[in-house]
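Presented below is the structure to which this report refers.
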Amino acid sequence: MTLPRALAGVRVLDFTWVRAGPWATRWLGSFGADIIKIEWPEHLDILRSNRTTIPPEIEPGPNAPGQFADTNINKLGLTINVRTPRGLELIKRLITISDVVIENFSSRVMRNWGIGYDVMQQLKPDIIYVSMAGFGHTGPNHHYTTMGPSAQALSGQTFLSGLPDKPPAGWGWSYLDDTGGMYGVMCVLTALHHRHVTGQGQHVDLSQMTAGITLTGSAFLDHTANGRQARRQGYPPGNRTAWPGTPPAPNYRGPTVAPHNAYRTKGGGHNDWCVIACFSDREWQTLVDLMGHPAWATDARFTQLSGRLQHQEDMDGGIERWTQTLNKYELTEKCQAVGVRAMPVQSAEDRVEHDPQLKARGMYAELEHPLLGRRKVQGVPFKFSKTPAEVRSPAPLIGQHTPQVLQETLGLSLQEIREGYADGTFWPKSMPLYAYIEEALR
Amino acid sequence: MTDGTNAVTADRLPGPLTGLRVLELADEKGQFCAKLMADLGADVVKIEPPGGQQTRAVGPFLDDIPHRERSLSFWHYNTSKRGITLNPETVEGKELFRRLVTTADVLLETFPPGYMPSLGLGYDELSPLNPRLIMCSLTPFGQTGPWRDYQTSDLLQLAAGGQMGCCGYDPEDVPDAPPIAPGGGNAWHIGSHFAYIAIMAAVCYRDVSGEGQYIDASVHEACALTTEGAVPTYIYTGNVVQRHTGRAAAVEKSEPTQFITRDRAWLNTTRSGFNLTAARLRRLAEWMDQYGLAQDLLDEKYQSTATIQANVPHIAAALEHFFANIPLEDAWRGGQEIGMPWGAIRSMAEIVHDPHLGERGFFVEVEHPEVGRSFTYPGPAALYNRSPWRISRRAPLIGEHNYEVFCGELGLSKADLAILAESGAV
């Protein structure tokens, strides 16, 4: 029996590229929407040209990067030159039969192409248009551009990560591309429900940088209501809730407790670390019991929270002497068995190969990709009782579905499609056609 | 394009989730998800234990005076919601909760797996009362699996989820540095974002089909999905990324992207090596020359890609010297004006004065009549031109809407409510 899809029948015209936008439409695809990814080979999606995730045995090319393949599952690939009159006319026809248009260009690109929101609205009065520019489409700096790292810096996200008196540690990936993508999905689904209720479409003008600021709310209010400066001694306190020897101040993560830190575990490798947190004196005593009552730990200095906060250096040193005798998974099991909060620091390899929970939940199923072969793919973090979110189809090869989409959605004849290839509308005349496209044109 | 006229008209329109009623039985793990819905117009009824939820005991507090009605953290995460108190472990509390469920579109809960069913309030019991109900359980590890009952915290989720494995320092900056968990409570944000999209997908399905359903959402899985290229790098190349200061964890060592400025603040240039072409270098050098700091970079020899590549360390040193001698504000805005996607590493002090954010209506004044003041809250991530985001009220006081909901909506008398309050049911 085929289970229903939550977004069956919803068509999304997807102009997004790089990471934030494609990560958004990946989720719309997993809910069952039809995603038509618009590309042009002369302006390749950066994820198609970045070589760092191409398997060593695969010949480099736009279909080879693993990161593109994982980010763009559940989509159809259409190549079309929007900068030609014929290409623009067909894009406009696609808009008239779509529910959603989504893009993450800088603020003026769509208007410059002649398909700004005013034009879209004329073509399809109830269209939902989600734009995902770094600074949004209004305001004096709307022309500024961001990538994840600069959006994180400007939003305050970078500042709140690191050790005191050191450079910011920031985020070791484009957190606001992932999260900007999540906001893109949220905007689409919210506007879609609104349209279901009112019959009206709208323009949702998302700003990636601004989204990051909304995730610093406690720090924001501490500044606006209490006037507390974030540039202060002992902040940010690394993995701790407070830095010893500095004036007590909020950490914006949760309650001020100790221990609350990362500790080395057996093996000594780059990711042989665990974290332990005790939220009460009772949890601390349980940890002391578990460590076998070492003499240092029974010192009265550590019995109460105030003492543990003050003497964190000695306490953390003592805890680490114990954690280094265990591997991070043994340690996690021992701690959790008695109710002590502990977890392994997990690398990507750990998550894919060693995490028993992700394995039990089926997070990394395999999917066949026409070039890359059978590979694991990142799954979905929720289980629906009626409309399962799915990993359905591999990322499109560039232009893989151009003939199919044009036939099925706009009713173009094979002859018209061949003419579009001949005149450079569907593929640059200067570039050779892939065999899979020639095959589709026979 | 959202033009000014639209924006003014839109101010009076209802939010996009108007008419959607959400029951929130969520602590720090899920209260942000319900805030996102409430600020977009949903009628979120936050159900706290009698006396208030423990999230009210988390600082910072207004004027640093700890009090359950002064937690700024609680204030931020609970805007636009109504608040009632109810103990679902009492017979009367259960009955009131069941009656509320019949009025709800969405129920979001973050209790340990098995707790709601143990009270007779699992999805299987609630769905017959309201087949259109969408119930989402957002828990640290999901409803099944060997870790489902494990204790957790924001720090623990960021360790297991892979965030810490990517964040930290180059040994040159901090020898033997630990992996770093970024602050701000982001494990709960990540979980709440995924819960939001799951719930809204189910709402959209219900709009069409009329059917509710149950969603089992896992914070751990949400975090495990939020490390960009780390997992694909492993899957496709077998390599594991290493932590670097303030830039992408990577298999190979890369050039720095953070530079100190004259005012002892930090600039982030996004890409290692500045991504320099001859044209970009020329624009940079002309700008640096305005400060008399271009050194030899205006020399014609740099108009060749080969010369640029042969002189990367020299160019990087000239740029580093340039940044160290100009203020942060000049550095990032100057870069943006010549097309560089650069950013200042800002703290709140700089953010609250940003005119761009001001013009986009980001600084929102929220009245708190009890303290006779209003406070500036962060505004919307996105502007909806036909159904605006707004904070409709400050976070609820403990049990603030008990009378309105239990008497006004469920028809209890004041005397009934008093008895229930005295017995600890509400």
Subject >> Per-selection Rg to Rh, region A:385-442 - Cα, Kirkwood hydrodynamic radius >> reply: 1.11
**OP:** Take A:221, B:397 and order them by how many other Cβ atoms sit within 10 Å, fewest up front.
**Re:** B:397, A:221
Subject >> Shielding by partners - mean other protein chain Cβ count within 10 Å, residues of A:124-136 >> reply: 2
Original post:
Near residue B:94, which lysines are there with a Cα under 17 Å away, not counting those fewer than 8 places off in the same chain?
Top reply: B:46
Subject >> Among B:70, B:333, B:132: highest mean-square fluctuation, GNM of chain B, C-alpha pairs under 10 Å >> reply: B:333
Original post:
Listed here are the pairs B:29/B:81; A:37/A:383; A:166/A:328; A:383/B:29; A:386/B:81; A:334/B:29; which of them are more than 20 Å apart at the Cα?
Top reply: A:37/A:383; A:166/A:328; A:386/B:81; A:334/B:29
**OP:** Return the whole-Å distance between the Cα centroid of region B:104-119 and the Cα centroid of region B:371-401.
**Re:** 26 Å
Original post:
Using the alpha-carbon centroid of each, what span in Å lies between region A:1-51 and region A:91-165?
Top reply: 16 Å
Subject >> Long-range tail of P(r) for region A:283-386 (Cα pairs > 25 Å, %) >> reply: 43 percent
Original post:
Hey, how much of the P(r) for region A:173-314 falls beyond 22 Å, as a percent of Cα pairs?
Top reply: 60 percent
Original post:
Looking at B:269, B:281, B:307, which one has the Cα that reaches farthest to the positive end of the dipole of region B:257-307 (charges on Cβ: Lys, Arg +1; Asp, Glu -1)?
Top reply: B:269
Subject >> Footprinting exposure proxy for B:176, A:314 (fewest neighbouring C-beta atoms within 10 Å first) >> reply: B:176, A:314
**OP:** Decide, for region B:81-133, between rounded, prolate and oblate: order the square roots of the alpha carbon gyration tensor eigenvalues as a ≥ b ≥ c, take rounded if a/c falls under 1.5, and otherwise choose prolate if a/b is larger than b/c, else oblate.
**Re:** rounded
Subject >> Residues whose placed amide H lies under 5 Å from that of residue B:27, excluding near-sequence neighbours >> reply: B:110
Original post:
Mind checking Rg over Rh on region B:274-426, alpha carbons, Kirkwood formula for Rh?
Top reply: 1.34
Original post:
Once Rh is set to the Kirkwood radius over Cα pairs, what Stokes-Einstein translational diffusion coefficient, in µm²/s, holds for region A:114-233 at a temperature of 10 °C and a viscosity of 1.306 mPa s?
Top reply: 98 µm²/s
Subject >> Ratio Rg/Rh, restricted to region B:270-359 and using Cα atoms, in which Rh is the Kirkwood radius >> reply: 1.02
Original post:
In whole Å, what are the Cα extents of region A:84-175 along the three principal axes, biggest one first?
Top reply: 57, 24, 24
Subject >> Amide H contacts of residue B:364 (H built 1.01 Å from N, under 5 Å, at least 5 apart or other chain) >> reply: B:377, B:379
Original post:
Where the centre of each part is set by its Cα atoms, how far does region B:161-217 sit from region A:291-356, in angstrom?
Top reply: 24 Å
Original post:
Which value in deg cm²/dmol, rounded to the nearest 500, describes the helix-derived mean residue ellipticity at 222 nm for the protein assembly as shown, given -39,500 (n - 2.57) per DSSP H run of n ≥ 4 and division by the residue count?
Top reply: -10000 deg cm²/dmol
**OP:** At a Cα cut-off below 18 Å, give the aspartates and glutamates reachable from residue B:35, other chains included and same-chain residues fewer than 8 away excluded.
**Re:** B:24, B:27, B:43, B:48, B:69, B:105, B:109, B:365, B:367, B:400
Original post:
Sorted from largest down, what three extents in whole angstroms do the Cα atoms of the protein assembly as shown have along their principal axes?
Top reply: 80, 60, 53
Original post:
Hey, if you drop one equal point scatterer on each alpha-carbon of region A:20-153 and run the Debye formula without solvent, what base-10 log of I(q)/I(0) do you get at q = 0.22 Å⁻¹?
Top reply: -1.52
**OP:** Based solely on C-alpha atoms, express the radius of gyration and the Dmax of region B:340-426 in angstrom.
**Re:** 20.3, 66
**OP:** Return the ratio Rg/(2.2 N^0.38 Å) for chain B, where Rg is computed over Cα atoms only.
**Re:** 1.19
**OP:** Would you mind checking which residues have amide H under 5 Å from residue A:241's amide H? H placed 1.01 Å from N; only 5 or more apart, or other chain.
**Re:** A:257
**OP:** Determine one quarter of the surface area of the Cα convex hull of chain A, which equals its mean projected area, and express it in nm² to one decimal.
**Re:** 25.7 nm²
Original post:
Among B:289-301, B:119-131, A:88-100, A:251-263, what's the highest-first ranking by average C-beta atoms within 10 angstrom per residue?
Top reply: A:251-263, A:88-100, B:119-131, B:289-301
Subject >> For region B:47-53, 3J(HN,Hα) per residue [Karplus equation, 6.51 cos²θ - 1.76 cosθ + 1.60, θ = phi - 60°, Hz, x = Gly/Pro] >> reply: 9, 10, x, x, x, x, 7
**OP:** Provide B:148, A:361 in ascending order of the number of other Cβ atoms located within 10 Å of each residue's Cβ, fewest first.
**Re:** B:148, A:361
Subject >> DSSP-defined antiparallel bridges as percent of all bridges, the protein assembly as shown, nearest 5 >> reply: 45 percent
Original post:
So what are the ³J(HN,Hα) numbers for region A:437-442, from phi and the Karplus equation (6.51, -1.76, 1.60; θ = phi - 60°), rounded to whole Hz, Gly and Pro as x?
Top reply: 7, 4, 4, 5, 8, 5
Original post:
Per residue Cα convex hull volume for region B:196-332, in cubic angstrom?
Top reply: 203 Å³
**OP:** Would you work out if region B:110-204 is rounded, prolate or oblate? Take a ≥ b ≥ c from the square roots of the eigenvalues of the alpha-carbon gyration tensor; rounded if a/c is under 1.5, else prolate when a/b is larger than b/c, oblate otherwise.
**Re:** prolate
**OP:** Shielding by partners for B:15-25, please: the mean number of other protein chain Cβ atoms within 10 Å of each residue's Cβ.
**Re:** 3
Subject >> Backbone HN-Hα couplings from phi across region B:265-281 [Karplus 6.51/-1.76/1.60, Hz, Gly and Pro as x] >> reply: 10, 10, 9, 10, 9, 6, 10, 4, x, 6, 6, 7, 10, 4, 5, 5, 5
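Every number here is computed from the coordinates shown, using simple stated rules; none is lab data. All values reported here derive from a predicted model rather than from experimental measurement. Methodologically, a virtual Cβ is constructed for each residue, glycine included, from the backbone with ideal geometry; neighbour enumeration extends over all protein chains shown.
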